[in-house]
Amino acid sequence: MNKHQIAEIVLKKLQDNHSILKEDYHKFSQDIETKFFILDDIFPDNITKNIYEGFPKNKSQFKFRNTFREKKFTFAKLDKLPTKIISETIEAFHLKNIVQEISKITNILDLESDPSLYGAGISRMDKTHFLNPHVDNSHDAKNQKYRRLNLLYYVTPDFNEEDGGNFELWDKNVKKNFKIQPKFNRLVVMEASRSAWHSVDSIKSYKKRCCLSNYYYSNNSPEEKNYYNITSFTGRPNERFKRFFGKIDNNLRQTFANMTGFTRGSKSNKD
């Protein structure tokens, strides 16, 4: 299948569920302020299984991130994959009709996709891998457009709650969270902002948690004023050292970015 055929399936699914997705996205939660929606069973199962099978089999093909912030495999050179199903699926979300439909759902009127895949691509998380609470970099690679939406598509068959690897949305103080299971054939779309803290809890099984990711951007600031922030990490509520060290680490990296214009993760991918 090519990106246009894939996009037709995605568009119909979005349009058929437009009202409920719009309601879900704008639903106010006193605990978790970040807006998001979940769309399950986007494709026939055989297509999603083909996407999963298209992931690199050898760990050495990935870039391994292993710090106090995160532990995971990332991969952004999609043209190097033996099958095109992954790149075609990711590129389907770059097409104008998909972007426009998601724009209507979220009420973000000037959304744009990012074919450069800055911070996006595919990721794999194995047993003990995790991603600590963080807010994303506020801008695109050229620091010209604001990051507005994070699109995550999960493709691992039979990935259950007991396997861990749950996607977590946090309150602005990172004390309460809402967990979203990375179920097979599930799309999660969440807003990106300076208070949109999110994470992935530790993988407990030997299943490979595989995810495709995209970001959408806009020229307009979500806060109606200019700002800039790096990807900033903290610890979980019981991780006092990571919370303390995270503040120092974030401040140092923010200062460095302000002085040089360079940020981490230009070829990494997310959750």
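So if I check each of F28, F68, F55, F73, which one is out of contact with any strand residue (DSSP E or B) (no Cβ under 8 Å at 6 or more places or on another chain) and outside any helix (DSSP H, G or I)? Reasoning before the result, please.
On the way: F68 fails: out of contact with any strand residue (DSSP E or B) (no Cβ under 8 Å at 6 or more places or on another chain); F55 fails: out of contact with any strand residue (DSSP E or B) (no Cβ under 8 Å at 6 or more places or on another chain); F73 fails: out of contact with any strand residue (DSSP E or B) (no Cβ under 8 Å at 6 or more places or on another chain).
It is F28.
Has segment 77-87 got at least one residue that is acidic (D, E), at pLDDT below 95 and either within 30 Å of R236 (Cα to Cα) or assigned to a loop (DSSP other than H, G, I, E, B) (or both)?
Checked against the condition, which is being acidic (D, E), at pLDDT below 95 and either within 30 Å of R236 (Cα to Cα) or assigned to a loop (DSSP other than H, G, I, E, B) (or both), segment 77-87 yields no hits at all.
Taking segment 201-243 only, how many residues are in contact with a helix residue (DSSP H, G or I) (Cβ under 7 Å, 6 or more places away or on another chain) and of a type in the set (F, W, Y)? So the count comes out to 2.
Out of the residues in segment 19-58 meeting the condition of being basic (K, R) and free of Cβ contacts under 8 Å to residues at least 24 places away in the same chain, tell me which one is farthest from G121 (Cα to Cα). This residue is K27.
Any residue at all in segment 170-178 that is closer than 21 Å to E70 by Cβ, surrounded by 14 or more Cβ atoms within 10 Å (Cβ to Cβ) and within 15 Å of the chain's Cα centre (by Cα)? Checked against the condition, which is being closer than 21 Å to E70 by Cβ, surrounded by 14 or more Cβ atoms within 10 Å (Cβ to Cβ) and within 15 Å of the chain's Cα centre (by Cα), segment 170-178 yields at least one hit.
Looking across segment 151-200 at every residue that is touching a helix residue (DSSP H, G or I) at 6+ places or on another chain (Cβ under 8 Å) and among the aromatic types (F, W, Y), the one that is farthest from T234 (Cα to Cα) is identified as F184. Please determine, by comparing only the residues of segment 1-25 that are part of a loop (DSSP other than H, G, I, E, B) and not hydrophobic (A, V, I, L, M, F, W, C), which one is surrounded by the most Cβ atoms within 10 Å (Cβ to Cβ). For segment 1-25, the residue satisfying everything is N17. Looking across segment 87-101, just one residue is touching a strand residue (DSSP E or B) at 6+ places or on another chain (Cβ under 6 Å) and of a type in the set (A, V, I, L, M), and that is I90. Summed over segment 100-133, the residues that are of a type in the set (A, V, I, L, M), surrounded by fewer than 16 Cβ atoms within 10 Å (Cβ to Cβ) and assigned to a helix (DSSP H, G or I) give a count of 0. Only residues that are among the charged types (D, E, K, R) and more than 24 Å from V99 (Cα to Cα) were counted across segment 204-224, and they come to 4.
The values are calculated or read from the model by the stated rules, or taken from the named source; none is laboratory data. Because the structure is a prediction, the values reported are computed rather than measured. Here the Cβ is made from the backbone with ideal geometry for all residues, glycine too, and neighbour counts use every protein chain on show.
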